[in-house]
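These notes are about the structure you will find just below.
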Amino acid sequence: MDLQAVSMNVFRVPFFRFLNFDIQEVGEFHAKAEMAFDSRHIGNPVMEHYHGGIIASFMEATAAIAVQPDFAEVPVKPINLTVDYLRPGMKGPLTAHATVTRKGSRIASVRVLSWQASPEKSVAEGLYHFLLV
Amino acid sequence: MPDLSQQKLDQIAQMWNMRGKGLITQMALKIEEVSTEGVLVRMPFNPDFCVDSDQTLLHGGILTALLDSVFGLANFVAIEGVSTMATLDLRVDYLRAAHSRADVIVRAHCYRQTRHIAFNSGSIWFDNHVGDEIARGTASFALTRGETSLFEEMTRGKA
């Protein structure tokens with residue numbers, strides 16, 4: 001699936017426009033995206049850090065695209081998630097990389113890393129489950 | 001139910017009013033109930049938070065963000081002398097499709113606090129559908145205790 005088609009799909013989703021990210025890579029079992037910082041993403045108004053919920057949302061969006069980049073109406077159905085917050089998300093772009101660790105006939109498990117300066121310094125790591133039926 | 005001091009309630013109201021830019025303003029949260037036992041908050045429907053073109057289905061992520069925000073509020077209310085707070089981890093189950101244009105109601109509380117960590121749980125449903133929980137979450141927060149309170153930190157330099 002080519003990047004332009006995926007990007008057009010992403011653009012149809014109101015909440016994905018709210019998050020404001022670009023898909024940079026998409027493969028059979030992975031996706032990579034970059035989100036631009038916006039004041040509406042702020043969680044800590046003093047430090048101007050990302051809101052943890054925005055980071056988790058962006059990671060969920062990237063995970064859903066990795067599982068099903070060619071979704072028809074809405075992105076694949078989420079079941080649940082676990083996120084570890086490792087470092088504050090500073091003012092600036094945030095990258096997420098989602099890897100589908102298992103895609104069965106009904107359930108997909110996805111591991112997502114997000115970072116700013118380098119992938120070795122994760123801002124957050126998450127595990128997401130999706131229902132494929 | 002332990003009552004909050006008027007001073008704490010005033011601080012919460014002030015903090016809430018001056019939260020300014022950021023996601024909490026976008027979510028237009030309204031505090032409905034607040035005590036050391038927990039908080040009840042309303043989030044009005046916002047079409048920007050939807051995934052479908054008809055804009056009637058909320059994205060799970062906004063529910064996760066809502067839980068994270070309201071856990072923070074519950075901790076601020078329940079714990080004395082916290083200077084900063086950071087989410088350590090967050091777990092959310094999406095229990096049914098969030099298909100409605102109704103307001104979203106979230107209840108959250110801090111069920112255990114230690115010197116360094118707060119443990120939270122919370123639940124989300126659509127207004128007037130209290131039996132049909134749409135999401136449930138738990139989280140832990142790392143607390144930093146100190147002389148300056150979170151409230152003072154937030155109001156500093158804003159006068």
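One table, with the values for the structure above:
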read-out	value
Relative contact order computed over the range A:3-131 (Cα-Cα under 8 Å; 6+ residues apart), in percent	24
Sites B:Asp48 and A:Met1 - FRET efficiency at Förster radius 25 Å, r taken between beta-carbons, to 0.05	0.45
B:Arg96 paired with B:Lys21, simple spin-label distance in nm, labels 7 Å along Cα-to-beta-carbon	4.0
Simple spin-label estimate for B:Glu80 and B:Asp103 in nanometres, 7 Å along Cα-Cβ	3.3
Prolate/oblate/rounded label for the range A:67-133 (Cα gyration tensor, a/c 1.5)	prolate
Over chain B, relative contact order from alpha-carbon pairs under 8 Å, at least 6 apart, %	23
Buried area at the B-A interface (accessible, heavy atoms, 1.4 Å probe, summed, Å²)	2600
222 nm mean residue ellipticity, helices alone, for chain A (DSSP H n ≥ 4; -39,500 (n - 2.57); rounded to 500)	-7000 deg cm²/dmol
Residue mean of other protein chain beta carbons inside 10 Å, A:5-18	3
18 Å reach of a label modelled at B:Ser5, 7 Å along Cα-to-Cβ, counting backbone N of the range B:47-81	B:75-81
Candidate aspartates and glutamates - alpha carbon under 19 Å from A:Lys77, same-chain residues fewer than 8 apart omitted	A:Glu28, A:Glu60, B:Asp48, B:Asp52, B:Asp54, B:Asp93, B:Asp132, B:Glu133
Charge dipole (debye, nearest 20) of chain B; +1 at Cβ of Lys and Arg, -1 at Cβ of Asp and Glu	340
Taking all pairs of distinct alpha-carbon atoms in the range A:3-131, Kirkwood radius in angstrom	14.5
Zero-based 5 Å bins, Cα pair distances in the protein assembly as shown, whole percents	1, 6, 13, 17, 20, 17, 12, 8, 4, 2, 1, 0
Computed E for A:Glu25/A:Leu131 - FRET, C-beta separation, R0 30 angstrom, nearest 0.05	0.75
Förster radius 35 Å - calculated FRET efficiency between A:Ser118 and B:Ile117 (Cβ-Cβ, nearest 0.05)	0.80
Highest-MSF residue in chain A out of A:Val13, A:Val46, A:Val112 [GNM, Cα springs under 10 Å]	A:Val46
Debye, to nearest 20: dipole size of chain A, +1 on Lys, Arg Cβ, -1 on Asp, Glu Cβ	280
Mean-position separation - Cα centroids, the range B:24-96 and the range A:1-35, in angstrom	25
Approximate spin-label separation B:Ala28-A:Thr99, in nm, with each point projected 7 Å along Cα-to-Cβ	4.2
Ellipticity estimate at 222 nm from DSSP helix runs (n ≥ 4, -39,500 (n - 2.57)) divided over chain B, nearest 500	-8000 deg cm²/dmol
Residue with peak Gaussian network fluctuation, chain B [Cα springs, cutoff 10 Å], from B:Leu95, B:Leu58, B:Leu143	B:Leu95
Segments B:96-109, B:119-132 sorted - mean Cβ within 10 Å per residue, highest first	B:96-109, B:119-132
Residues losing 20 Å² or more accessible surface upon assembly, the range A:26-60, compared with the chain by itself, 1.4 Å	A:Ser39, A:Arg40, A:Ile42, A:Pro45, A:Val46, A:Glu48, A:His51, A:Gly53, A:Ser57, A:Glu60
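The values are calculated or read from the model by the stated rules, or taken from the named source; none is laboratory data. The model shown is predicted, which means the values in this text are computed figures rather than measured ones. Cβ coordinates were reconstructed from backbone atoms using ideal geometry, including for glycine residues, and neighbour counts include every protein chain displayed. Surface accessibility is based on the protein's heavy atoms, side chains included, excluding ligands, DNA and RNA. Shrake-Rupley method; radii C 1.70, N 1.55, O 1.52, S 1.80 Å.
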